[in-house]
Amino acid sequence: CGLGVGVLVIFEFPLFRYATQLKKYCWGGLDGLQAISMICFVVRTWGYTQLTPSTKWWILALESLHGLTFACFWITLTDVCKALIHLTNDKWSTTIPLFVQMLSSAVGAGLGSVIGGWAMHRYGARQMYFGVSVIVSIFFILHCAGCIVTRCYNGT
């Protein structure tokens, strides 16, 4: 457990440290970082379904993907919050981040625990993780389609 957490944190720190450069040089900017986050999540959750007692050490590679997922997601979300705050002329400067944190930590974690717990109990861990990877893959495709449509619509 501690080794896995150490591996994911090793990947998070440099990403957060160089967030500005990542946003600048990543293809697609924030959309690209969000796509990287989703791809890493899909590979990680699918990878969990492939683990066996003889391949258990692959968990460290999968945990490094968690570091990428977490960092890219929060870098993107932080910038989206800043943009929304700017749109409101700083009138919602505490409400918007609070709302985002509530959605993530309370609603997302709560629903994820209940639905994920039910799915794991009913179908088993492998099927649950596989199902999650399929769901996020669908959202990844929708994200990419949305990026293409908005870029074509905006003429960029």
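Annotations for the structure displayed:
- Checking every residue in the stretch 50-63 against the condition of being touching a Lys or Arg at 6+ places or on another chain (Cβ under 6 Å), in contact (Cβ under 8 Å) with a residue 12 or more places away in the chain and crowded, with 18+ Cβ neighbours inside 10 Å gives at least one match.
- For Phe41: the one exception among (1) surrounded by 18 or more Cβ atoms within 10 Å (Cβ to Cβ); (2) without any contact (Cβ under 8 Å) to a residue 40 or more places away in the chain; (3) not charged (D, E, K, R): (2)
- Hits in the stretch 64-114 (condition: surrounded by 11 or more Cβ atoms within 10 Å (Cβ to Cβ) and either part of a loop (DSSP other than H, G, I, E, B) or hydroxyl-bearing (Ser, Thr, Tyr) (or both)): Ser64, Thr69, Thr76, Thr78, Thr88, Trp92, Ser93, Thr95, Ser104
- The stretch 128-156 residues that are over 21 Å from Gly112 (Cα atoms), paired with ones that are assigned to a loop (DSSP other than H, G, I, E, B) and of a type in the set (Ser, Thr, Tyr) (beta carbon under 9 Å, 6 or more apart): Thr150/Thr156
- Enumeration of residues in the stretch 9-63 that are polar (S, T, N, Q) and over 30 Å from Met128 (Cβ atoms): Thr20, Gln21
- Subset of the stretch 137-156 (residues that are open to solvent by less than 70 Å² (accessible area, probe 1.4 Å) and at pLDDT 95 or above): Ser137, Phe140
The values are calculated or read from the model by the stated rules, or taken from the named source; none is laboratory data. Just so it is clear, the model here is predicted, and its values are computed rather than measured. Glycine also receives a Cβ, built like all others from the backbone with ideal geometry; neighbour counts cover every protein chain displayed. Ligands, DNA and RNA are excluded from the accessible area calculation, which covers all protein heavy atoms including side chains. Shrake-Rupley method; radii C 1.70, N 1.55, O 1.52, S 1.80 Å.
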